[in-house]
Amino acid sequence: MRAVVAINGEAEVRQVPEPIVEPNMLLVRTICSAISPGTEIEMKKRAGETPVSLGYSAVGTVLQTGEGVTHVRPGDRVACYGAPYVKHAELLAVPKALAIPLPDSLSAEEAAFVGLGAIAIHGLRQAELQFGSKVAVVGLGILGQLTCQIAEAAGYRVYALDLLEERCSMLRRSGLQTVFASYEELEASLRADYLVEGADTVVLCAGGGGAELLNQSLGWLRDRGRIVIVGDMHAELSRELMFVKEAELRISRAGGPGRYDAAYEQDGVDYPIGFVRWTEGRNMYEYIRLLGERKIDVMPLISKKLPVDRVGEAYECYLRAPKETLGVLLTY
């Protein structure tokens, strides 16, 4: 079967063996898979002579179910998340906890971003916000756009920042108006509230070097506020600024509890809901529920759909036209 790999800094399609379906897993024929630019472009850059699989979020049709899989049947469409099981490939062997059935009302394209949706949801859960809380979301790529829409749907007061006006305009078209293209505008808006000066939480969805941005974020927080890092950035903080606010720093790990746990993912052992309310699988379900209830709208964020054989062009879109490129799908 065809699959996308990174090798020597480039992405290409290669023929690889078909996956084997084990107990608590299902075989899925991929309809489309979503590129996560922050993670995948960096992985592609770092790749050497050993091929590295790319991708972790997709939608497909169930072909076969292994022993222990009861929530879906062959012929059902499912949204799938989680490397190394989910990747840009024609066939996927997916653990049952990482495959969510789709209602007929949803398109494969919007559901294909289920991985990024779960990551956005878990990032907001790490912020421990309550109804009416003020959250500033910094970085309005596909992940930041989803985070803002989900936060708005949850009843939080959302303030958004990106230095690219085109991305700000995209978010404003979704209905959110407290969107800013400069640090000064964001800070002024956060301080204009006479009840709570500053944000309860700053969620950082930006990537790259983080020292300057992290320390600026401390200035946007209220006393004893919280910073949550969701994007791929380095954490270098001023102790003095942290001390003055007695601020808290958290790093959000992927889509939620269960990620990277072999017992949960491979063996199908779910966490008891009374102890772990929101696993990565339950976060995936919430993303699909929000789509189905039209609380969020992903379709305007899809910039391009390209056949998997043109994967090199797909990644180039982010480098050549970052202002116009948010979500890119590969089709099979």
Segment residue 273-residue 251, length gained on full extension (0.36 nm per residue, minus Cα span):
5.6 nm
Which of the three applies to segment 211-301, rounded, prolate or oblate, going by the alpha-carbon gyration tensor with a ≥ b ≥ c and a/c under 1.5 meaning rounded?
prolate
Figure the gain on full extension for residue 303 and residue 10 (residue separation times 0.36 nm, minus the Cα-Cα span) and round it to one decimal in nm.
103.3 nm
Sequence ranges 307-315, 82-90, ranked by mean other-Cβ count within 10 angstrom, highest first
82-90, 307-315
What are the semi-axes of the equivalent ellipsoid for the chain, taken as the square roots of 5 times the Cα gyration tensor eigenvalues, largest first, in whole Å?
34, 22, 18
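Let's see if you can work this out: charge +1 on each Lys and Arg Cβ, -1 on each Asp and Glu Cβ, no other charges. What is the dipole magnitude of the chain about its Cα centre, in debye to the nearest 20?
That gives a dipole near 380 debye.
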Under 20 Å from the Cα of residue 245, which lysines turn up, not counting those fewer than eight places away in the same chain?
134
Extension reserve of the residue 107-residue 49 stretch, reckoned as 0.36 nm per residue once the Cα distance is removed
17.2 nm
Students often check this: by mean Cβ neighbours within 10 Å, which of 110-120, 322-332, 272-282, 23-33 ranks highest, and how do the rest follow?
110-120, 23-33, 322-332, 272-282
Check the straight Cα-Cα distances from residue 87 and name the lysines below 22 Å, setting aside those fewer than 8 residues away within the same chain.
44, 45, 96, 304, 305
Pick out, from 81, 131, 244, the residue whose Cα sits farthest towards the positive end of the charge dipole of the chain, with +1 on the Cβ of Lys and Arg and -1 on the Cβ of Asp and Glu.
131
Among 91, 211, 154 - extreme Cα towards positive end, dipole of the chain, charges at beta-carbon:
154
Size of the dipole of segment 159-288 about the Cα centre, Lys and Arg at +1 and Asp and Glu at -1 on the beta carbon, nothing else charged, in debye to 20?
240 debye
Rh by Kirkwood over Cα pairs, then Stokes-Einstein D for segment 117-251 at 1.002 mPa s and 20 °C, µm²/s:
149 µm²/s
Please enumerate, by chain and number, the aspartates and glutamates with C-alpha under 16 Å from the C-alpha of residue 295, excluding those fewer than 8 residues away in the same chain.
110, 152, 286
Highest mean packing first, using Cβ neighbours within 10 angstrom, the peptides 240-250, 58-68 sort as 58-68, 240-250
Can you tell me the orientation of helix 311-320 relative to the chain, as the angle in degrees between its alpha-carbon axis and the longest Cα principal axis, to the nearest 10?
10 degrees
If you roll a 1.4 angstrom probe over the protein chains with everything in place, what fraction of the accessible area of the chain belongs to carbon and sulfur, to the nearest %?
51 percent
Spin-label zone in segment 311-332 - amide nitrogen under 18 Å from a point set 7 Å from the Cα of residue 169 along the C-beta vector
321-327
Which residue, 319, 91, 291, tops the fluctuation ranking in a GNM of the chain built on C-alpha contacts under 10 Å?
319
How far is the Cα center of segment 19-61 from the Cα center of segment 129-170, in Å?
27 Å
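The values are calculated or read from the model by the stated rules, or taken from the named source; none is laboratory data. In this text, all values refer to a predicted model and were calculated from it rather than measured experimentally. Note: ideal-geometry Cβ built from the backbone for every residue, glycine included; neighbour counts use all protein chains shown. Ligands, DNA and RNA are excluded from the accessible area calculation, which covers all protein heavy atoms including side chains. Shrake-Rupley method; radii C 1.70, N 1.55, O 1.52, S 1.80 Å.
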